[in-house]
Amino acid sequence: MAEEPQVGFVTMGDAAAEGDVPPIGIGMLGYAFMGKAHTNALKKIAYVPWPPPYSPRLVAISGRNAEAVEEAARRYGYEKWTTDWRDVVNDPDVQVFDNGGPNDVHREPTVAAARAGKHVICEKPLGRTADESFEIWKGVAGTGVKAMTAFNYRFYPAICLAKEMIDGGELGEIYHFRGRYHQEWIMDPQFPKVWRLDKQVAGSGALGDLGAHVIDQSRYLVGDPVAVTGLLRTFIAERPGGTVDVDDAFEATVEFENGAIGTYEATRFAAGRKNQMRWEINGSKGTLLFDSERQNELLVNMVGSKPGAHAQGFRTVLVSEAYHPYWQHWWPHGHMIGWEDNFVHELLHLLTCIKEDSPIGPRGATMEDGYRCAEVCDAIVRSHETGQRQELSYRTL
């Protein structure tokens, strides 16, 4: 005899008990750009990947401005707020410390949180200099927590697919990496001096803010740089609010450990470019090209087309198939995801590593990755200051 259909609502309290996902307490430093991006991702993790490793519980948020951080707590849904990050570090309900604050508050809170037994993720650049980045890595190492540098571009599905192709030998021997990051956001001379234009807070300008992403992409996909030659430029030195003492743009040539050569470039003075991170990698068997303004696409050209064929050239791969990286969590193919969704992948990776006690790298950027990127940035500065090619050496713990 057929079962009678269920009539009426079922309350989820008891029915969901057996399948409940364990919570994990999140403490956030920073309430603006990155605080918003990371909080948005944490909220999505609770229901987009199912079941998630943990259900993020938004415990506490901290920031310098009381009025702003209180508004952020109410807006995002944090249980409490404070103007002192130490309150978050010392909170027993916080298991993960997410540092999205300005660059001058990366070192002390991140190290303190790790030493307090909190898993940590710190926005890039890890430190304002290679020395500071090394101190963060050294301070976190040995604490037993999971620690991650937040290079979110590593988690674009198209870039993950490129990584799989390169690691699988599909491009053959790598000859070139050419990467650039272009924005236009401070071209107006009346744009005020904000913290990103203050060396004491930011460490550097376009180099550390934008160029760090390009450098990390090259390390992730091609390998470690061994030498650089660099040039920096500040186009508007005086702004409302004071003197700009960081670079507006930089150019650099780079030599890699595996014999490849290439270029790095970043600017905040590229009219028409809103947020374009673009790279091209040439190998003996083909070329890959990624453009963040078309983030769901990977341009591919493989050697071996028949001479005279009518369809030679690049083909556009729409990275949205169910078997492409991270797409099992999203929509039917062709239904695109956005920039903000890569933070879902990034923080999902962190929580999965915590749950499974698996390593952050190589998919995620470790604290050592953050440090090594900073060494490249500093070498570009030294090259600009001396006019000479700089060979790189990396410290170890």
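Pull up the cross-link candidates among the lysines for LYS80, meaning alpha carbon to alpha carbon under 22 Å and not fewer than 8 places away within one chain. Filter leaves LYS36, LYS43, LYS44, LYS118. The HN-Hα couplings worked out from phi for segment 186-194 by the Karplus form 6.51 cos²θ - 1.76 cosθ + 1.60 (θ = phi - 60°) are 10, 5, 5, x, 8, 4, x, 6, 9 Hz, whole numbers, x standing for Gly and Pro. For the chain, the residue among ALA113, GLY223, PRO332 whose Cα projects farthest onto the positive side of the dipole built from Cβ charges is GLY223.
Using the Cα centre as the reference, give the magnitude of the dipole from point charges on the C-beta atoms of segment 20-153 (Lys, Arg: +1; Asp, Glu: -1; all else neutral), rounded to the nearest 20 debye.
Numbers: 16 positive and 16 negative charges, 68 e Å.
Using only the charged Cβ atoms, the result is roughly 320 debye.
With the charge dipole of the chain set up from +1 on Lys and Arg Cβ and -1 on Asp and Glu Cβ about the Cα centre, the Cα lying farthest toward the positive end among the listed residues VAL194, VAL145, VAL94 is that of VAL194. Looking at the square roots a ≥ b ≥ c of the eigenvalues of the Cα gyration tensor of the chain, which shape do they give, rounded for a/c under 1.5, prolate if a/b is larger than b/c, or oblate? Here the chain falls in the oblate category. Selection among LEU392, TYR54, ALA73 by position relative to the dipole of the chain gives LEU392 as farthest towards the positive end (Cβ unit charges, Cα centre).
Sequence gap at least 6, Cα distance under 8 Å: using those rules, report the relative contact order of the chain to the nearest whole percent.
19 percent
When only the Cβ of Lys, Arg, Asp and Glu is charged (+1, +1, -1, -1), the dipole of segment 24-88 relative to its Cα centre reaches about 220 debye. Residues TRP81, TRP330, ranked from the fewest to the most other C-beta atoms within 10 Å, line up as TRP330, TRP81. From the square roots a ≥ b ≥ c of the eigenvalues of the alpha-carbon gyration tensor of segment 126-188, which class results: rounded (a/c under 1.5), prolate (a/b over b/c), or oblate? Oblate shape, in that a/c is at least 1.5 and b/c is the bigger or equal ratio. Its DSSP H runs of at least 4 residues, each contributing -39,500 (n - 2.57), put the calculated 222 nm mean residue ellipticity of the chain at -8500 deg cm²/dmol, to the nearest 500.
Using the average count of surrounding beta-carbon atoms within 10 Å as a protection proxy, the listed peptides 196-209, 259-272 rank, highest first, as 196-209, 259-272. The radius of gyration of the Cα set in segment 20-153, together with its Dmax, comes out at 14.0, 44 angstrom.
Taken about its Cα centre, the chain carries a charge dipole of about 600 debye when Lys and Arg each add +1 at the Cβ and Asp and Glu each add -1 at the Cβ.
Any read-out appearing in this document is the output of simple, stated calculations on the displayed coordinates, not a laboratory observation. Quick caveat: nothing in here was measured; it's all calculated off a predicted structure. Neighbour counts are summed over all protein chains in view; Cβ atoms, including those assigned to glycine, are modelled from backbone coordinates with ideal geometry.
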